[in-house]
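The values are calculated or read from the model by the stated rules, or taken from the named source; none is laboratory data. Please read all numbers here as calculations on a predicted model, not as lab measurements. We place every Cβ from the backbone using ideal geometry, glycine too, and count neighbours over all the protein chains shown. When the accessible area is computed, the model is the full protein with side chains, heavy atoms only, and any ligands, DNA or RNA have been set aside. Shrake-Rupley method; radii C 1.70, N 1.55, O 1.52, S 1.80 Å.
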Amino acid sequence: MIKLEHVTKVYKKSEGPAVADLNLHIGKGEVCVLVGPSGCGKTTTMKMINRLIEPTSGTIFVDGQNIMDVNPIELRRNIGYVIQEIGLFPHMTIAENIATVPLEKKWPRDKIRARVDELLQLVGLDPNIYRQRKPRDLSGGQRQRVGVARAMAADPPVLLMDEPFGALDPINRGKLQNEFLRIQKKIQKTIVFVTHDIDEAIKMGTKIAIMRQGKLVQYDTPENILNAPASNFVINLIGGNRTIKQLNLIRVGEMMKEAPPVVELSAPTVKARELLAARGKDLLFAVEKDGRLAGYLSPQNAREEGQVADVMQEIPNSITPDATLNDALSEMLAFGKGFVCVVDEGGKPVGLVTLGTLMKAVGGNDNNS
Amino acid sequence: MTTTLKKLASWLLVPLLLAVIGTLVTVYFVSNPTDGIVARQLQYPKVLAYLVRHVFLVILSSLLAILTAVPAGILLTRKGFRFLAPVIINIVNIGQTIPSIAILALFMSILGLGVRTAVFALWLYSLLPILRNTYTGIQGVNPGIIEAARGMGMPPQRVLWRIEFPLALRVIMAGIRTAVVINVGTATLSTFIGAGGLGDLIITGLSLSRITITLTGGILAALLAILADYFIGQVEIHLLAE
Amino acid sequence: MFLHQGKISFLWNDRAARMILAVTGTIMTIPSIAMFAFLIPLFGIGIAPALVGLTLYCLLPILRNTYTGLKNIDPAVLLAAQGMGMGEAKILWRIKLPLAFMVIMAGIRTAVVMGVGITAVAAYIGAGGLGQFIFRGISRANDKMVLTGAIFVAILAILLDYGLGWVERKLGT
């Protein structure tokens, strides 16, 4: 989908090249993460793809076409572009921001309006509430969602994302990363993603391109980079504890165990005891009438008499199947228990991750290498 | 409907108040002349003519200044002209420190007395704050926002009109406000170079030692300045409030 | 005296400060020759009305800058000063005023440069000074005299602006 051949960029005033003889092939539907320390040329590389920066030499193909043969304005309208939250136009409403490229492409009004609503829904913002708001009325995370929606407005096959989640706090960043991966599964865009955060790269990338001083150091899948770093530079970049980082590669949905049996809050504890005995389990989930997770019961809890609601223990936090095992581990550590509950978007329990699950995941990977 | 009317009423309150004060003062001084000399100088058509001339000087020179300084300021931020900016902005800054009376005197000695000289000097002097604010306003737009617009495929012209200009408008308007208020004051001084206006009343009164003539001119000029400041301030607030 | 005014506006509540700034701001919009027209009935002709007028005009830039300068000090710094047991007066003199100094100086600079122009106009009401060249030149139709006056006034303003700018930078660092 995107091909860079012998691409070099030399800035007038600097000594060495910002990007030197770079070859990169990004397949359709892949997320290619460019990662490296600041000044490594990752942002320059990305901006050459939509011709915000012109390469000194070499050729870049997008969808088989040499981008130098395309009018840069035309080219950019077919490549979505997300930068840190400062990129939203502060004097325009959220709807106007998202409509930027469709307006430039002169879409009919109705089509634009429908598309704006569709995109707002896709990124999890209620169109009726947010359509007419200004960027300053939104939180950092919400602005970032709008930024992503704006880039996807004209449904471009390619997205360029320059540290899109860089300005967010770690919790929001994790949430948005997961959400973005969920969306990407649906839309299957070809994405070039720039970050300086190797953990984000491992989590988001189908492939990671590690850059240093304008050169490509290693270009491979996250698994291969973790298992076989090409040089000391890569090892240092990845940092300590590669095993734990591998947890970033695995989704909870792939590894979780079956959810324990559930019992309604209003049920008497006798029923809980019966369930535990019948299924031979040592854990029960307590759920609301509509099936949403409310808490859990251990065999000791179930021994007391009364209603489930009186004896159950609260669950402060749960995770969704598209979170990573690393997220699961953090939750476990925060929660102080050896397990974490997995719920779907509606809050209904769908599975369970235990320490055993994590051990198995890490062990499995070690055996492969 | 009633709320918009109320808004309009509250918006017009200050201008009306200023107009009423101006009228009352004029009527009082005109209908109570202290002697024959005052009676001859202070007549309604005369006072009105001075006022109209004053407003004419201010509006003409301000419009010319806006029409030239805003495009020039924009041009200074464009590729190809950007290298001129430091020099020009420096000249503008020095020009702004020169007192208006010196500017008027300077051009009088070069171009002679008259309305044309006054309009020229007023135009040149009020050009400076608008030019400077247009330049700094557009330069001050966050480069990230501009890059986002370019990166999404907006042609340079559209980036200017849809992104840079609206975002710089507040600063540009502040420059226009400064320019117009300065213009009202400088137009008062342009009486010295024979361009007429309310300054005529002030100096006529001073040279004839008739204080009511001076006060009529002075009060009207002051009210006009306050009105201009208020008016543009309101335009600023209402145009840019969202 | 101007500094003192600024201090008062800072000590009062925000509303009073805003009102005082609005009034002084309005005074500033009044054309200087009109201001002199008001002052002549009260102070006669000569240096007295010129001095009063100049004072009124210089009020705003200095007052405003003193106010904003004091107002925009990082609250953490003030908290630290309080935490170290400094009293109100000491905080004002040792912390606030030095920190606001640059902004206050900028206000003084604006006032002085503006004052040059107003003083030149004041020559018309008999206050003397360089403006006399301009007005005498005009009444005698002597262009060279007008030009001399204009150039001297302009140079004086530019020099004062430059000089005060230099002082500002020297004392500021």
Margin query: Tell me the mean residue ellipticity at 222 nm calculated for chain A from its helices only (DSSP H runs of n ≥ 4, each -39500 (n - 2.57), averaged over every residue, nearest 500).
Written below: -10500 deg cm²/dmol
Margin query: Using a probe radius of 1.4 Å on heavy atoms only, what accessible surface per residue do you get for region A:253-368? Whole Å² is fine.
Written below: 52 Å²
Note to self: Below 10 angstrom from the Cβ of A:VAL311, what's the summed charge of the other residues (Lys, Arg +1; Asp, Glu -1)?
What the structure shows: -2
Next item on the list: Provide, for region A:253-368, the number of lysine pairs with alpha carbons under 17 Å apart, each pair being eight or more places apart or on different chains.
Entry: 8
Checklist line | Dipole moment magnitude, nearest 20 debye, the protein assembly as shown about Cα centre, only Lys, Arg, Asp, Glu C-beta charged | finding: 1940 debye
Notebook entry, point to check: In terms of Cα to Cα distance under 26 Å, which lysines are near enough to B:LYS7, apart from those fewer than 8 places away along the same chain?
Noted result: A:LYS134
Check: Percent antiparallel among DSSP beta bridges with both residues in region A:253-368, to the nearest 5?
Finding: 80 percent
Notebook entry, point to check: Across region C:2-172, how many lysine pairs, 8 or more apart or on two chains, come within less than 18 Å at their alpha-carbon atoms?
Noted result: 5
Margin query: For a quick check of your reading of the filter: which trypsin sites (Lys or Arg not before Pro) in region A:261-369 sit in a DSSP loop and have no more than 14 other Cβ atoms within 10 Å?
Written below: A:LYS281, A:LYS289, A:ARG292
Next item on the list: Compute for chains A and B the buried accessible surface, both sides summed, probe 1.4 Å, and express it in Å² to the nearest 100.
Entry: 1900 Å²
Margin query: Per residue, how much accessible surface does region B:2-240 expose to a 1.4 Å probe? Answer in Å², no decimals.
Written below: 45 Å²
Margin query: Helix-only estimate, please: 222 nm mean residue ellipticity of chain B, summing -39500 (n - 2.57) across DSSP H runs of length 4 or more and dividing by its residues, to the nearest 500.
Written below: -27500 deg cm²/dmol
Item checked: Sparsely packed chymotrypsin sites (Phe, Trp or Tyr not before Pro) within region B:138-242, loop by DSSP, other Cβ within 10 Å at most 11 -> none
Checklist line | DSSP-defined beta bridges in the protein assembly as shown - what % are antiparallel, rounded to 5 | finding: 60 percent
Item checked: Reachable aspartates and glutamates, given that their alpha-carbon falls under 18 Å from the alpha-carbon of A:LYS106 and they are not under 8 places away in the same chain -> A:GLU74, A:GLU96, A:ASP117, A:ASP155
Check: Chains C and B: what accessible area do they bury, summed, in square angstrom to the nearest 100, with a 1.4 Å probe?
Finding: 2500 Å²
Check: For region C:30-141, with every protein chain kept in place, what is the accessible area per residue (1.4 Å probe, Å²)?
Finding: 45 Å²
Check: Ignoring any ligand, DNA or RNA, what whole percent of the accessible area of chain B comes from carbon and sulfur when the probe is 1.4 angstrom?
Finding: 72 percent
Next item on the list: List the residues whose amide H sits under 5 Å from the amide H of A:ALA286, counting only those 5 or more places along or on another chain, with H placed 1.01 Å from N in the peptide plane.
Entry: A:VAL263, A:ALA294, A:GLY295, A:TYR296, A:LEU297
Check: Carbon-plus-sulfur fraction of the accessible area of region A:37-123, 1.4 Å probe, in percent?
Finding: 50 percent
Notebook entry, point to check: What is the antiparallel percent of DSSP beta bridges lying wholly in region A:2-250, to the nearest 5?
Noted result: 50 percent
Margin query: Which aspartates and glutamates, if any, have their Cα less than 17 Å from the Cα of A:LYS207, not counting same-chain residues under 8 positions apart?
Written below: A:GLU30, A:ASP162, A:GLU163, A:ASP197, A:ASP199, A:ASP220, A:GLU223
Check: Given +1 on the Cβ of Lys and Arg, -1 on the Cβ of Asp and Glu, and no further charges, what dipole in debye does region A:253-368 carry about its Cα centre, rounded to the nearest 20?
Finding: 360 debye
Check: Which angle from 0 to 90°, rounded to the nearest 10, does the C-alpha axis of helix B:100-111 make with the longest principal axis of chain B?
Finding: 90 degrees
Next item on the list: Can you grab the distance from the C-alpha centre of region A:217-231 to the C-alpha centre of region A:239-293, Å, no decimals?
Entry: 35 Å
Check: Ignoring ligands, DNA and RNA, what percent of the accessible area of region A:142-182 is carbon or sulfur (1.4 Å)?
Finding: 50 percent
